[in-house]
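The values are calculated or read from the model by the stated rules, or taken from the named source; none is laboratory data. Computed from a predicted model, the values in this text were never measured in an experiment. Note that each Cβ is placed from the backbone with ideal geometry, even for glycine, and that neighbours are counted across all protein chains shown. In case anyone asks, the SASA skips ligands and DNA or RNA and just uses the protein heavy atoms, side chains included. Shrake-Rupley method; radii C 1.70, N 1.55, O 1.52, S 1.80 Å.
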Amino acid sequence: MRFTTAGSVDDGKSTLIGRLLYESKAIFEDQLEAVRKASERSGDGEMNLALLTDGLKSEREQGITIDVAYRYFSTPNRKFIIADTPGHIQYTRNMVTGASTANAALILVDARKGVQEQTRRHAFIASLLQIPHLVVCINKMDLVDYAEEAYHRIRHEFELFAAKLDVRDVHFIPVSALKGDNIVDRSENMPWYQGSTLLYYLENVHIGSDENLIDPRFPVQYVIRPLTDTHHDYRGYAGRVASGTFRKGDEVLLLPSGFTTRISRIDTYDGELEEAVPPMSVTLLLEDDFDLGRGDMIVRENNKPEITQDVEVMVCWFSDRPLQPNGKYILKHTGSEVRCIVKEIRYKLDINTLSRNQNDLHIGMNDIARVLLRTTRPLFTDSYRQNRTTGSLILIDEATNETAGAGMII
Amino acid sequence: MTRLLESESIFVLREVAAQFGNPALLFSGGKDSILVSWLARKAFYPARIPFTFIHIDTGHNFPETMEFRDWWMKELGVKLVVGSVQEAIDKGLVAEEKGYNASRNLIQTAVLLDTIEKHRFDAAIGGARRDEEKARAKERFFSHRDEFGQWDPRNQRPELWNLFNGHKRQGEHFRVFPISNWTELDVWEYLAAEQVPLPSLYFAHQRAVFERDGMLLADCDYIPRRPHEVPALETVRFRTIGDMTCTGAVRSSASTASEIIREVATLRVTERGTRSDDKRSETAMEDRKKQGYF
């Protein structure tokens, strides 16, 4: 289970993560000792748990988190990967990065301050990146005397904003990360709250259905041709099932050629499989001898992706070189890499008000915009809403090789 | 969980083969690089692993590591390139540290970069994991290195979904970390379930060791002992395997992979806690990584 957290240092995010790690015994003594020493040096007096999550020298010097850090902990029921992302406005790109692979997003709200610009920004990114589950932790309940009204006021405030977003599952939990209320153990201070603790929720939220099991999509990643005496004619299409189910004997359609054939085998090192589901890495062998390559896709005749050179995307911009109207970029989508031109910038989105700005079309770092792209070759796409793999792409600056933007296909 | 991790790592390894012209796999003889090579065999089956293997030989390796290396390379049928630190010292390319705590850990970076350049490798796959160390927690799967082989943590490429950007200029290269998301426990659970062969050092054995700075070091020719450092025979094993000069042993009676799993699950110190190369300063790993270490 992967989840992301975002927020600034003072909303208690580090304390919350620190507590989860500590209570699940994922912090080791030498790590604690290092934090203790560093806290003493900086004269914080108390042990500063934020130091546990701030890894780099330059970060500790500036007291901020620059980059996404990954943390790991597990309970007897589940393993967790936390993408811990910094909350500064200028680091939206990190939030997007952490969100792209997450099953759930943890949003922290300070019970004294209520829904802030930061909260809205994070909730919006979670919805844009289609994170299936949102958990709003109303934190620092100890500082508002564990008042039920505070919880309900913030919950209502958040729901008003979330109504404008595309989120499927929102959950609210009143907590105090510092005191440990409703993190691992139920709080005795909030008898009015009947819901689950944070850890219980994380351990039990159903993530099996987060994968798309409907639309069969197999992007060919690599062609395996041993060319040895024992496997002279072996031609296997290696890749990861993006969505749907593939079974031995299934009739499949090959893109872009349009030929149909059957799956003769699903191969792995550990033996043949009868069926493959996401996100398994397997090798498909076909009955007929067609010449597929990286970037091609294996699908079903009655369930095809869109085959198009005109791609409409919401793009999140990462580069300090602004998005160029009519600019040319390298576009990466599944296993294919093509060139594209920016045909039109439709509007820039104001992340705080969610309003569309059609007058200011300067798209700089951390801006989000709706853009029409034209590619040199057709792509096989689905909407990002339906398919996080065939609906996502990145844009690469040809001059610097930097990843300049991330696109979600509409 | 380990099935998901396996599938992710295989995806990354295939991505390297697809995106790079001359990729190499950094093999240290430790469990993490053994795991990566095991996954590489799975990723390209029934074809041969399409990577050249690199071993940076400091000359201070445990003999068990070297034995295992040669046997395993034959088993996998891959080509091995050895970058020799001793040779670099003899040629005067690098200078060796002196004193009781002398280690070749720092100078092996220069030899690694030299080997990558000499053979024109455009990607070097490593077995580093994010849970090992705080600087490694910020690593990408595809980690860009400039023409000097340096890592710039402040300017890393954002990595979204599973779209890896391997574009680079001439002379630059990538480090790729397919097992980024594995924890020490994941590694052991998988190695045990798959019955992956490992060097005997990982399992409990009798060895002459002596204590220094809270670490148990193997008594060997490469480490000068102070007068009060008296070696004694103990039952130990190694949690990580690096040079004899910087790798500490732990007292343990775990002699099978499943006993190690039980031990790892209850250990309260990170595995890098047995490495003096990380103890030199609080940012030892970050500093070395910036210079081109893995």
Scanning region A:324-356 for residues that are within 14 Å of chain B (Cβ to nearest Cβ) and among the aliphatic types (A, V, I, L, M), which turns out farthest from A:A399 (Cα to Cα)?
A:V338
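Results for (1) modelled with pLDDT of 70 or more; (2) within 14 Å of another protein chain (Cβ to nearest Cβ); (3) in contact with a strand residue (DSSP E or B) (Cβ under 7 Å, 6 or more places away or on another chain), shown as yes or no for each residue.
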{"residue": "B:T247", "(1), (2), (3)": "yes, no, yes"}
{"residue": "B:S258", "(1), (2), (3)": "yes, no, no"}
{"residue": "B:I261", "(1), (2), (3)": "yes, yes, no"}
{"residue": "B:R272", "(1), (2), (3)": "no, yes, no"}
{"residue": "B:S276", "(1), (2), (3)": "no, yes, yes"}
{"residue": "B:K279", "(1), (2), (3)": "no, yes, no"}
A:L285: passes all of (1) under 30 Å from B:E194 (Cα atoms); (2) assigned to a loop (DSSP other than H, G, I, E, B) but (2)
Is it true that B:K118 is over 30 Å from B:P224 (Cβ atoms) and loosely packed, with under 15 Cβ neighbours inside 10 Å?
yes
Just the residues that are open to solvent by 30 Å² or more (accessible area, probe 1.4 Å) and not in a loop (DSSP other than H, G, I, E, B), please, taken from region B:145-159.
B:R154, B:N155
Return yes when A:E211 is open to solvent by 60 Å² or more (accessible area, probe 1.4 Å), within 27 Å of the chain's Cα centre (by Cα), closer than 30 Å to A:I173 by Cβ and among the acidic types (D, E) and no when it is not.
yes
Being modelled with pLDDT of 85 or more and either within 20 Å of the chain's Cα centre (by Cα) or in a helix (DSSP H, G or I) (or both) narrows it down to one residue among A:Q130, A:Q118, A:Q90; which is it?
A:Q130
Looking at region A:357-396, which of its residues are open to solvent by 10 Å² or more (accessible area, probe 1.4 Å) and facing chain B (nearest Cβ under 9 Å)?
A:R388, A:T389
Go through (1) surrounded by 21 or more Cβ atoms within 10 Å (Cβ to Cβ); (2) assigned to a helix (DSSP H, G or I); (3) modelled with pLDDT of 90 or more for B:A193 and report which single condition fails.
(1)
Give me the residue from region B:105-159 that is free of Cβ contacts under 8 Å to residues at least 60 places away in the same chain and touching a His at 6+ places or on another chain (Cβ under 8 Å) and, out of that set, nearest to the other protein chains (Cβ to nearest Cβ).
B:R157
B:R48 passes all but one of the listed conditions (1) touching a residue at least 40 places away in the same chain (Cβ under 8 Å); (2) assigned to a loop (DSSP other than H, G, I, E, B); (3) of a type outside the set (D, E); the exception is number (1)
Residue match in region B:59-73 (condition: within 18 Å of the chain's Cα centre (by Cα), within 23 Å of B:K290 (Cα to Cα), open to solvent by less than 20 Å² (accessible area, probe 1.4 Å) and not charged (D, E, K, R)):
no
Residue among B:R41, B:R3 that is in a helix (DSSP H, G or I), within 14 Å of another protein chain (Cβ to nearest Cβ), modelled with pLDDT under 95 and more than 28 Å from B:I223 (Cβ to Cβ)
B:R3
Exactly one of these conditions fails for A:L199: (1) of a type outside the set (S, T, N, Q); (2) in a loop (DSSP other than H, G, I, E, B); (3) crowded, with 19+ Cβ neighbours inside 10 Å. Give me its number.
(2)
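Is it the case, given these coordinates, that A:R346 is touching a strand residue (DSSP E or B) at 6+ places or on another chain (Cβ under 9 Å), open to solvent by 50 Å² or more (accessible area, probe 1.4 Å) and part of a loop (DSSP other than H, G, I, E, B)?
Here the answer is no, as A:R346 does not meet what is asked.
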Checking the structure you have, find out if any residue of region B:12-30 is open to solvent by 10 Å² or more (accessible area, probe 1.4 Å) and at the interface with another protein chain (Cβ under 8 Å from one of its Cβ atoms).
yes
Report, ordered by the first and then the second residue, all pairs with beta carbons closer than 9 Å, sequence separation of six or more or different chains, a first member in region A:90-107 that is open to solvent by 10 Å² or more (accessible area, probe 1.4 Å), and a second member that is of a type in the set (D, E, K, R) and assigned to a strand (DSSP E or B).
A:T101/A:R2; A:N103/A:R2
Of the numbered conditions (1) in contact (Cβ under 8 Å) with a residue 40 or more places away in the chain; (2) charged (D, E, K, R); (3) more than 23 Å from B:G242 (Cβ to Cβ), B:K91 satisfies every one except a single condition; which is it?
(1)
Test: residue in region B:197-205 that is part of a helix (DSSP H, G or I), under 17 Å from the mean Cα position of the chain (by Cα) and within 11 Å of chain A (Cβ to nearest Cβ):
no
(1) in a loop (DSSP other than H, G, I, E, B); (2) in contact (Cβ under 8 Å) with a residue 12 or more places away in the chain; (3) open to solvent by 10 Å² or more (accessible area, probe 1.4 Å): which one isn't true of B:D221, the others all being true?
(2)
Give me a count of the residues in region B:166-185 that are open to solvent by less than 10 Å² (accessible area, probe 1.4 Å) and within 7 Å of chain A (Cβ to nearest Cβ).
1
Give the residues of region A:278-291 that are at pLDDT below 95 and farther than 30 Å from A:V371 by Cβ, sorted by residue number.
A:D288, A:D289, A:F290, A:D291
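Can we say B:N162 is of a type in the set (S, T, N, Q), open to solvent by 10 Å² or more (accessible area, probe 1.4 Å) and free of Cβ contacts under 8 Å to residues at least 12 places away in the same chain?
Details: of a type in the set (S, T, N, Q): yes; open to solvent by 10 Å² or more (accessible area, probe 1.4 Å): yes; free of Cβ contacts under 8 Å to residues at least 12 places away in the same chain: no.
Judged against the criteria, B:N162 is not a match.
Filter region B:226-240 for residues that are modelled with pLDDT of 85 or more and not in a strand (DSSP E or B); which is farthest from B:Y100 (Cα to Cα)?
If we take residues in region B:226-240 being modelled with pLDDT of 85 or more and not in a strand (DSSP E or B), then B:R239 is farthest from B:Y100 (Cα to Cα).
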Scanning region A:93-108 for residues that are assigned to a loop (DSSP other than H, G, I, E, B) and facing another protein chain (nearest Cβ under 10 Å) gives A:S100, A:T101
With (1) open to solvent by less than 10 Å² (accessible area, probe 1.4 Å); (2) on the phi > 0 side of the Ramachandran plot; (3) of a type in the set (A, V, I, L, M) as the list, and A:L354 as the residue in question, which single condition is left unmet?
(1)
Out of the residues in region A:162-187 that are assigned to a loop (DSSP other than H, G, I, E, B) and β-branched (V, I, T), which is farthest from A:L349 (Cα to Cα)?
A:V184
Kindly indicate whether any position in region A:201-216 is closer than 25 Å to A:Y146 by Cα and more than 14 Å from chain B (Cβ to nearest Cβ).
yes
